[in-house]
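Q: One structure, pasted below without further comment.
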Amino acid sequence: MVNMNSMTKEMKEELAFSEEELAELARAKSMPITFDEDCPETTPERAIKFRRVNPPRRSKNANLA
């Protein structure tokens, strides 16, 4: 995590989005989602069968609760 207070003005400007990038993001946000055979819409039945590739790890303190 970066402390924003320790960054110079130039560093902050370098990380900021340009006007062109902001316009592109706004354009993408307004576009509808299009499903196809490679990426079909998830049905409730498929969602139940979904399994995470990287399941969350169990912490050592999980058994104490």
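Q: Across the chain, where is the longest run that never hits trypsin sites (Lys or Arg not before Pro) in a DSSP loop with at most 13 other C-beta atoms within 10 Å? Working shown, then result.
A: Working: sites that count: 51, 52, 57, 58.
With a cap of 13 other Cβ atoms within 10 Å, the longest stretch comes to 1-50.
Q: Continuing with this model, one more query. Roughly speaking, to the nearest percent, how much of the chain's 1.4 Å accessible area is carbon and sulfur? Kindly include the intermediate steps, with their values, before the conclusion.
A: Working: 4080 of 7360 Å².
Carbon plus sulfur share of accessible area: 55 percent.
Q: For the chain, what's the radius of gyration and Dmax over Cα atoms, in angstrom?
A: 21.0, 51
Q: Follow-up. Leaving out same-chain residues fewer than 8 places away, which aspartates and glutamates sit with a Cα under 19 Å from that of residue 49?
A: 37, 38, 41
Q: Further question on the same structure: Only Lys, Arg, Asp and Glu count, each charged at its Cβ (+1, +1, -1, -1), so figure out the dipole size of the chain about its Cα centre, rounded to 20 debye.
A: The dipole magnitude comes to about 900 debye.
Q: I've got another one for you. Mind checking the per residue accessible area of the chain for me, 1.4 Å probe, whole number of Å²?
A: Per residue, the chain has 113 Å² of solvent-accessible surface.
Q: Between 18, 34, 47, whose Cα lies farthest towards the positive end of the dipole of the chain when Lys and Arg beta carbons carry +1 and Asp and Glu beta carbons carry -1, centred on the Cα centre?
A: Of the options given, the answer is 47.
The values are calculated or read from the model by the stated rules, or taken from the named source; none is laboratory data. In this text, all values refer to a predicted model and were calculated from it rather than measured experimentally. Note that each Cβ is placed from the backbone with ideal geometry, even for glycine, and that neighbours are counted across all protein chains shown. Heads up: the accessible areas ignore ligands, DNA and RNA and are worked out on the full protein's heavy atoms, side chains in. Shrake-Rupley method; radii C 1.70, N 1.55, O 1.52, S 1.80 Å.
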